[in-house]
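The structure appears below as structure tokens.
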Amino acid sequence: MGVRFGHRGHLFRVAGLFVAGVLAFLVLQALLVPKGFGVYGHYRAGALEENRVRPVAFAGRAACVECHSDVPDAMKGGRHEKIHCEACHGPLAGHAGDPAEKKAVRPDSKVLCARCHAANVARPAKFPQVEVAEHAGGEACTTCHVAHNPGMMKEATK
Amino acid sequence: MSADRREFLARSTKLLFLTGAAQLAFEAVLRGEPETAPNYETTGHWWAMTIDIEKCIGCGNCVRACKEENDVPREPYYFRTWVERYHVPEGDIERPQVDSPNGGYDGFPEKYRSGDGSKNFFVPKLCNHCAHSPCVQVCPVGATFLSPDGVVLVDKTYCLGCRYCVQACPYGCRFIDPRTETVDKCSLCYHRITKGLTTACCETCPTQSRVLGDLKDPKDPIHEFLRTHKVQVLKPQMATGSKVFYNGLDGSVR
């Protein structure tokens, strides 16, 4: 009998090693696996938040019309009605946040209008297109056209 | 006898490190708290986009807006979204000529003539935010993933820059940002859509060719669009679960 229980020490040693191993594993895991890893899947949950917090550059139409409420009325019924403000005026989140300091710049119609309306065979055939040089002869588009409602012509050129 | 014991101990130790039991038991404790998102329910959305090729005029507004919004390097020419011009000689859809000068950033100078029997059109491209994305599968560290709301995102602090995902993407939508040496791609303007705004490219698209949609929102007009148009995804044979739906997609488009 004494011989059998004399070997009990070995069991404790194995158990001790097992516990030490588990502790080592937990410590290493806590050190190496980043916080939030595995909450939603095989990635860091915090990465969602990091992707979310960046500032925006384009304020969005709703922000524009909060102050410029007259413009949607001017565009009503025209062919540019559905175009959002920043499609032509560029990113203006800075201006929307601080209208006094950060002024919007009026785009140059000669460059801007041609981006969409210069003739190009790859454009849908129904889309209004012009040979810019022939059509305008170097004149700015806004000399004749009302940008917010291009079907309307300005008084002087009627 | 003593050699046997040593062997036994060595084997047990190895087994211990290989077992996942300890990990499972303590996982919940070590996870930490989920991130809070006060006004945005991550599981309440499933984002997608529709692109109407018949409406795209190749103005390049989306390309410029994307670079402004997402701080994409202007030069050398890397893109999160870009526009391709297809020139398909009559009936030869297997050999289209495709060009994309500066990704469409400066527009498309006229190159082809009308009346030569060819077909010409623009195809805007971006990350397809695949539901079964190959890029997510190959990432060795979990730095690229599909979010619960259906957006393929990059964890920039965790990316090794190993480029596996760049090779895995069948649509060529990924690049290595030369400033950080980590991967970058379209995030579907995650910082905007989670605030209730649309993406920068959809915001600035003058013809509403590109429209962001939420497939989990029954009131979203995307459902009407998908019902009433003959839509297709890019490379359907890849079975990537692409969520960018094209209307009027020609067979020549790769």
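Under 10 Å, Cα contacts only: if you run a Gaussian network model on chain A, which one of A:HIS135, A:HIS145, A:HIS95 comes out with the highest mean-square fluctuation?
A:HIS135
Apply the membrane-span-like helix rule to chain B: whole DSSP H runs, Cα extent along the own long axis of at least 27 Å, mean Kyte-Doolittle hydropathy at least 0.5. List the helices found.
The answer is none, since no helix passes both cut-offs.
Longest span of chain A, sites excluded, free of GluC sites (Glu not before Pro) in DSSP loop with at most 14 other C-beta atoms within 10 Å?
A:1-80
Using each residue's phi in the range A:119-134, evaluate 6.51 cos²θ - 1.76 cosθ + 1.60 at θ = phi - 60° and report the 3J(HN,Hα) Karplus result to the nearest Hz, with x for Gly and Pro.
Result, rounded to whole Hz: 4, 7, 5, 6, 6, x, 4, 6, 6, x, 9, 9, 6, 4, 4, 5.
Compute the distance from the alpha-carbon center of the range A:1-78 to that of the range B:85-163, in whole Å.
30 Å
Between A:LYS76 and B:ASP71, what FRET efficiency follows from the Cβ-Cβ distance if R0 is 30 Å, with the result rounded to 0.05?
E between A:LYS76 and B:ASP71, to the nearest 0.05, is 0.25.
Between B:SER12 and A:ALA125, what is the label-to-label distance in nm when each label sits 7 Å out along the Cα-to-Cβ direction?
Result for the modelled spin labels: 8.4 nm.
Would you pull out the residues with amide H under 5 Å of B:THR182's amide H, same chain only if 5 or more places away, H placed 1.01 Å from N?
Here B:ASP177 satisfy the definition.
Report ³J(HN,Hα) in whole Hz for each residue of the range B:84-97, in order, from the Karplus equation J = 6.51 cos²θ - 1.76 cosθ + 1.60 where θ = phi - 60°; Gly and Pro get x.
10, 9, 9, 10, 10, x, 3, x, 9, 6, 7, 10, x, 9
Please compute the length gained on full extension between B:ASP217 and B:MET238, using 0.36 nm multiplied by the number of residues separating them and subtracting their Cα-Cα distance.
Roughly 4.9 nm would be gained on extension.
Once R0 is set to 35 Å, what does the formula 1/(1 + (r/R0)^6) return for the Cβ-Cβ distance between B:LEU226 and B:ARG95, expressed as a FRET efficiency to the nearest 0.05?
E(calc), rounded to 0.05, equals 0.70.
Relative contact order (percent) for chain A, with alpha-carbon contacts under 8 angstrom and 6 or more residues of separation?
Computed over chain A, the figure is 17 percent.
Ranking B:THR13, A:THR143 by Cβ neighbours within 10 Å, fewest first, what do you get?
Fewest-to-most Cβ neighbours within 10 Å comes out as A:THR143, B:THR13.
Determine the relative contact order of chain B: mean sequence separation of Cα pairs under 8 Å and six or more apart, normalised by residue count, in whole percent.
It comes to 26 percent, rounded to a whole number.
Near the amide H of B:CYS130, under 5 Å away, which other amide H atoms are found, from residues 5 or more places off or on another chain, if H is placed in the peptide plane?
The list, which skips near neighbours in sequence, is B:LYS243.
What is the helix-to-structure angle for A:8-32, meaning the angle in degrees between its Cα long axis and the longest Cα principal axis of chain A, kept from 0 to 90 and rounded to the nearest 10?
In chain A, helix A:8-32 runs at an angle near 10 degrees to the longest axis.
For the protein assembly as shown, what does the alpha-carbon gyration tensor say about shape, rounded, prolate or oblate, given a ≥ b ≥ c as the root eigenvalues, a/c under 1.5 as rounded, and a/b over b/c as prolate?
Cα axes put the protein assembly as shown in the prolate bin.
Whole-Hz ³J(HN,Hα) for each residue in the range A:76-90, computed from phi via Karplus 6.51 cos²θ - 1.76 cosθ + 1.60 with θ = phi - 60°, x for glycine and proline: what do you get?
After applying 6.51 cos²θ - 1.76 cosθ + 1.60, I find 4, x, x, 6, 9, 4, 7, 6, 6, 3, 6, 4, 9, 7, x Hz.
Each value in this text was obtained by applying a stated rule to the coordinates, not by laboratory testing. All values derive from a computational prediction rather than experimental measurement. So basically every Cβ, Gly included, is an ideal-geometry build from the backbone, and we count neighbours across all protein chains shown.
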